[in-house]
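J.: Once you've had a glance at the structure underneath, I'll fire off some questions.
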Amino acid sequence: MTLSDLTRHLPHQRAITRAFATRTHRSTGEYAGVLSLGLIAGAALALAFAPKARRELRSKLSERVSALRKNSKKKQLINGHAEERVDSPT
């Protein structure tokens, strides 16, 4: 048995290099996926380690969201950009 007999079934150097080469091009979808996961993880950690109780925090958040909605509706009416929304049948 020779050394060439032992190494005959091993992959070539080019195949090994391609297998371990780092990719330098990433698609937009990959970046969006990583960003989404980061946002979800950040939101979960923020809620988990918030100094206020979760119920109190949720109620404060819902109050702020409803206040933002009211303000945006007022601004739309003042600026004359109010449009009536018509829900499409599902």
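All of the numbers you see were taken from the coordinates with simple rules; none came from a lab. Nothing here was measured: the structure is a model prediction, and the numbers come from that model. Cβ atoms come from the backbone with ideal geometry, glycine included; neighbour counts cover every protein chain shown.
J.: Could you please find all residues in the stretch 27-63 being surrounded by 10 or more Cβ atoms within 10 Å (Cβ to Cβ) and not in a helix (DSSP H, G or I)?
T.: To start, the set of residues in the stretch 27-63 that are surrounded by 10 or more Cβ atoms within 10 Å (Cβ to Cβ) comprises 30-47, 50, 52, 54, 56-63.
Of everything in the stretch 27-63, those that are surrounded by 10 or more Cβ atoms within 10 Å (Cβ to Cβ) and not in a helix (DSSP H, G or I) turn out to be Ala50, Lys52.
J.: Given the condition free of Cβ contacts under 8 Å to residues at least 40 places away in the same chain, among the aromatic types (Phe, Trp, Tyr), surrounded by 10 or more Cβ atoms within 10 Å (Cβ to Cβ) and farther than 25 Å from Leu61 by Cβ, answer yes or no: does some residue in the stretch 9-20 qualify? Break it down stepwise before answering.
T.: As a first pass, look at the stretch 9-20 and keep what is free of Cβ contacts under 8 Å to residues at least 40 places away in the same chain: 9-20.
Checking which are among the aromatic types (Phe, Trp, Tyr) leaves us with 20.
Next, only the ones that are surrounded by 10 or more Cβ atoms within 10 Å (Cβ to Cβ) stay: none.
No, every residue in the stretch 9-20 fails to be free of Cβ contacts under 8 Å to residues at least 40 places away in the same chain, among the aromatic types (Phe, Trp, Tyr), surrounded by 10 or more Cβ atoms within 10 Å (Cβ to Cβ) and farther than 25 Å from Leu61 by Cβ.
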